[in-house]
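The values are calculated or read from the model by the stated rules, or taken from the named source; none is laboratory data. What you are looking at is a predicted structure, and each value in this text was computed from that prediction instead of being measured. Cβ: placed from backbone, ideal geometry, glycine included. Neighbour counts: every protein chain shown.
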Amino acid sequence: MSAKRIRSKQIEKRRLKININLKNIIVNNPYLNAFRIFFKIGLFTIGGGYAMIPLIENEIVHKRKWIEKKDFIDLLAVSQSMPGVFAVNIAIFIGYKLHKFKGTLATTIGTILPSFLIILAIALFFQQFKDYEIVEKIFRGIRPAVVALIASPTFNLAKSANINRYTIWIPALCTLLIWLLGVSPIAIIALAGVGGFLWGKLKSKIKTGKT
């Protein structure tokens, strides 16, 4: 075997070792690992924060089991009811729940950075490729997939929130109020919170009366 081939193999082994070491450093560091996961989520989230829900659920709830499904649904509800960007809100809540303040920084930066870099690149070169037919076709194909990404977590959340034939009227009524009458989602969330509180009080009184 020639000296050149031996040297080439040695270089390849060193590269492999460096890659393994870097991977171990990232995986073993909770903050870098959280940043990596949310960077990946942010990189493939097309269509806004709601399209991020199935990706976050798959990574955080199912794959790594960092939080329970019930806690995840509660985090979604709180993130939705707070002002600001939904995707950033949910990243902040999950980051803090996992690793407090440093975790919040890791997940938030990981979520924002991909879209910042992509939009910056598009802004720099937009005038050059906006009229390309292939670009238009790509976005035309992406749009239906975005609808599916948003619809999928809706059904999963309904199942996890115990929506059944007796309670289906609640989300249906809220949807109609927002869609047809233009009622503010903030008002819907506030009314739903008050209604849930009053219903809980009423149920506890009924139970107390029975006992």
Does V88 satisfy the criteria of being assigned by TED's automatic domain parsing to the domain that holds P30, within 11 Å of the chain's Cα centre (by Cα) and not acidic (D, E)? yes
Which members of segment 170-185 meet the condition of being surrounded by 10 or more Cβ atoms within 10 Å (Cβ to Cβ) and either touching a residue at least 40 places away in the same chain (Cβ under 8 Å) or not β-branched (V, I, T) (or both)? P171, A172, L173, C174, L176, L177, S184, P185
Only one of G103, G95 is in contact with a helix residue (DSSP H, G or I) (Cβ under 6 Å, 6 or more places away or on another chain), under 16 Å from E57 (Cβ atoms), crowded, with 19+ Cβ neighbours inside 10 Å and small (G, A, S). Can you tell me which? G95
Count of segment 176-195 residues which are over 23 Å from G84 (Cβ atoms) and of a type outside the set (A, V, I, L, M, F, W, C): 1
